[in-house]
Every structure is written in C-alpha cells, then in structure tokens.
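J.: First, the structure itself, so that you have it in front of you.
The values are calculated or read from the model by the stated rules, or taken from the named source; none is laboratory data. Every value quoted in this text rests on a predicted model; they were computed, and no experiment measured them. Here the Cβ positions follow ideal geometry from the backbone for every residue, glycine too, while neighbour counts run over all protein chains shown.
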Amino acid sequence: MSRTCPGSTVVFATTDRGTLPKWEVTAFVDQQVEGEPAEGAFGLFTDPDHLRPICRALEPEAADDGSLSYTAVDDRGSTLGTVTRVPASHRRLKHTWRIDAPDGAVVEGRNVWAARGLLTRGPGDRFPLGHLVGASVPGQDSWTRGRSLDWTTAPEDTGRRADTSLLMSSTGADLAYLTERGAEVLDRRLALLAVIAEGRSLRHR
C-alpha cells in the first residue's frame with residue numbers, strides 16, 4: 001500500500017469478527033500520523049488525492065487550562081462533535097481525551113488501567129473501527145504501537161456509582177475497536193477522528 005499510495009496514511013477497516021478478518025482500504029488521512037507529535041487540522045478522504053472528503057477535524061482551539069479542542073465536521077461542514085485533549089493532572093501522567101457529541105453524550109479516553117477501575121459494564125462484543133497503517137501492516141505480529149486507551153461514558157456525580165460503559169478501545173492510531181454500545185453512542189467518523197488525534201499527539205517510529 002505504501003508503494004501504491006506514496007505520502008498517504010491509509011485507513012483500513014473490517015467488519016469481520018473471524019480469526020482472519022479481511023481488511024479493506026476505507027479512507028486516506030491528509031496529514032502525517034507517524035513521526036513527531038503533531039497538532040493542527042486533518043481530514044479523512046475517500047481517495048489518495050484528498051479530493052473527496054469524508055470528515056475533518058478543524059484547526060484546534062487552545063484554552064487557558066491547557067486543553068486543546070478540535071471541532072469535527074462532516075463532508076458538508078456540519079458539526080459531528082468536538083474532540084478535546086485534556087492536560088494531565090500530574091506531570092508524571094499523560095494527557096487524556098474527551099469526546100462531546102451533539103446529543104450531549106460525553107466520552108472520556110483514559111489509560112486502560114485507570115478506565116477499567118470505573119467500569120460498571122463489561123466490554124461485550126467488539127468490532128474493528130479502523131486501522132491506520134504507517135510502517136506496520138495488518139496481520140503482522142506486534143504491529144500495534146502507542147499507549148492503550150479505553151473510551152468510556154463519562155461518570156456523572158449522582159451520589160451513587162455511575163453507570164459507566166466501555167464504548168471503544170484504541171492503541172495509538174494503529175487500532176481501534178468500537179463495542180456494540182459504542183456503535184450506538186458514537187458516530188464512527190467522530191470516533192475515528194478522535195483516534196487519529198490521539199495518534200498524532202504521540203511519537204511514533
């Protein structure tokens with residue numbers, strides 16, 4: 001794929017839950033995902049020349065608290081939601097993420113060990129959201145890189161334990177899975193833009 005689409009970051013996806021899923025090219029990212037950490041706008045397109053848009057994360061806005069928010073839009077410019085990089089609460093920790101959907105749903109992306117301590121519902125069945133290919137190739141051993149995040153419904157302060165469900169898991173920008181509940185709550189385009197933003201915030205070699 002790197003030979004046929006030079007300079008492009010390719011998104012592979014599958015709906016096959018078998019042991020040997022068939023991955024197919026579904027989109028192209030117009031900005032570099034690998035290398036040094038990066039910020040800034042980026043988009044998904046159906047073609048390697050980036051002429052037919054699917055969705056886009058607009059230039060992010062920085063807040064006084066150190067957060068960085070991307071507005072996600074579809075191919076017509078309508079808002080899909082926002083993706084926010086939340087600064088770490090301690091210098092030894094890494095940033096987290098928050099997705100705000102237009103219907104008011106809030107999803108938080110945290111380190112898997114921190115997130116799973118909050119879960120009140122198990123992951124259930126998962127199915128792949130997409131795979132961003134750089135140096136790695138689907139099917140190779142040890143092809144995922146980066147930190148692992150669990151994306152969960154945000155707990156509410158109701159005076160009792162919140163109903164917190166796992167919606168998505170991701171490893172850098174290499175692999176992401178939506179759970180069945182996640183497919184009900186999140187627009188796949190918004191979810192994938194969040195995964196790409198997370199991947200671009202990391203250093204990949």
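J.: Determine, yes or no, whether Gly77 is part of a strand (DSSP E or B) and not β-branched (Val, Ile, Thr).
T.: Answer is no for this residue.
J.: Select from the range 51-61 the residues that are surrounded by 17 or more Cβ atoms within 10 Å (Cβ to Cβ) and either aliphatic (A, V, I, L, M) or on the phi > 0 side of the Ramachandran plot (or both) and list them in ascending order.
T.: Ile54, Ala57, Leu58
J.: In the range 63-79, how many residues are modelled with pLDDT of 95 or more and either in contact with a Leu (Cβ under 8 Å, 6 or more places away or on another chain) or of a type in the set (D, E, K, R) (or both)?
T.: 7
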